[in-house]
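The structure appears right after this line, and notes come after that.
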Amino acid sequence: MIIHPGGQHIGTVGGGCGEANVIKTGLDVIESGQPETVTVDLTDDISMDAQAVCGGVMEIFVERW
């Protein structure tokens with residue numbers, strides 16, 4: 001996934017709230033220059049009610065390129 005300084009992005013990590021967190025972190029990394037890791041947890045009960053959610057946990061490394 002590529003995140004531009006204005007918030008536009010190319011690609012996806014799966015959509016939804018988890019992707020919004022990755023985009024926010026990406027914008028923070030663009031500003032700070034410091035890489036970060038985002039944990040996206042799709043295993044809680046609320047998320048599992050959605051038919052499109054597969055569940056699981058993703059660890060996403062975000063760095064400025």
Inter-residue pairs, beta-carbon under 7 Å, first farther than 13 Å from VAL38 by Cβ and in the stretch 9-21, second modelled with pLDDT of 85 or more and exposed (fewer than 11 other Cβ atoms within 10 Å of the Cβ), 6+ apart: HIS9/ILE2; ILE10/ILE2; GLY11/ILE2
Test: GLY26 is modelled with pLDDT under 95 and not polar (S, T, N, Q): no
Qualifying residue in the stretch 2-19 (condition: β-branched (Val, Ile, Thr), modelled with pLDDT of 90 or more and in contact with a Leu (Cβ under 7 Å, 6 or more places away or on another chain)): yes
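The values are calculated or read from the model by the stated rules, or taken from the named source; none is laboratory data. Keep in mind that what you see is a predicted model, and the values were worked out from it rather than measured. Glycine also receives a Cβ, built like all others from the backbone with ideal geometry; neighbour counts cover every protein chain displayed.
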